[in-house]
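What follows is a single structure, written as structure tokens, with notes after it.
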Amino acid sequence: MKFITKCLYQGNVEDAKLIVKSKKSDIKIIMFLGLTMPSYLEDTENVFVIHIPIRDENFNKSTDKMFLAMSILETLIKNNDANVIVVCDAGLSRSPMLCLLYLVNEEFTWEEAETLLKQIIPEFQPETGLYLNIKNRIDNLIKKINVDNSKGMIT
């Protein structure tokens, strides 16, 4: 389990299993991004589990789900002030990718967020298609904001 920023942690299914078994964990919410949720996450007493199945392929649909997950994550952290861990199966692609997206949403540049994540999670291996799809969408949003601001418009 890796600490990312205030209230946000990242990990894999083994980290989630340890959290569920622990009665004294500071983690109160597990966001699981794998396709099939492990049975030990289905009926938990000490943590709330959110399952958002995201594939490493099918890039447009996965990108949409990643932005949805980021919105949910932002709401959970800001409204509950609870520690959240984002996990996927191995903890190498989807969960770090969501953490990257969250950091960019929290005013980091893409490069700053990616550098920070690679320091925290050296084994970070985003799936190329999903990574590029998300980065392109972020870049396009930034371009749109910059164009709208130059016209004195907020859309």
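Among the numbered conditions (1) aliphatic (A, V, I, L, M); (2) crowded, with 23+ Cβ neighbours inside 10 Å; (3) modelled with pLDDT under 90, the only one that A82 does not meet is (2).
Selection of first residues in the stretch 117-131 that are free of Cβ contacts under 8 Å to residues at least 40 places away in the same chain and of second residues that are of a type outside the set (S, T, Y) and in a helix (DSSP H, G or I), restricted to Cβ pairs under 8 Å at least 6 apart or on distinct chains, gives the following pairs, ordered by first then second residue: F124/P96; F124/L117; F124/K118; P126/P96; P126/M97; P126/L100; Y131/M97. Restricting the stretch 105-122 to residues that are part of a helix (DSSP H, G or I) and among the aliphatic types (A, V, I, L, M), the residue that is nearest to I138 (Cα to Cα) is A113. Taking the stretch 115-155, which residues are charged (D, E, K, R) and modelled with pLDDT of 90 or more? K118, E123, K135, listed by residue number.
Cβ separations smaller than 9 Å between residues 6+ apart or across chains give the following pairs from the stretch 43-64 residues that are within 19 Å of K24 (Cβ to Cβ) and part of a loop (DSSP other than H, G, I, E, B) to residues that are at pLDDT 95 or above and small (G, A, S): V47/A16. Among the residues of the stretch 20-42, the ones that are among the acidic types (D, E) and in contact (Cβ under 8 Å) with a residue 12 or more places away in the chain come to 1 in all. No other residue among L68, L100, L92 is aliphatic (A, V, I, L, M) and under 21 Å from P38 (Cα atoms) apart from L92.
Going through (1) under 20 Å from T5 (Cα atoms); (2) buried (at least 17 other Cβ atoms within 10 Å of the Cβ) one by one, I134 falls short only on (1).
The values are calculated or read from the model by the stated rules, or taken from the named source; none is laboratory data. Predicted model, so just to flag it, every value in this text is computed and none were measured. Because the Cβ atoms are built from the backbone with ideal geometry, glycine has one as well, and the counts that use them run over all protein chains shown.
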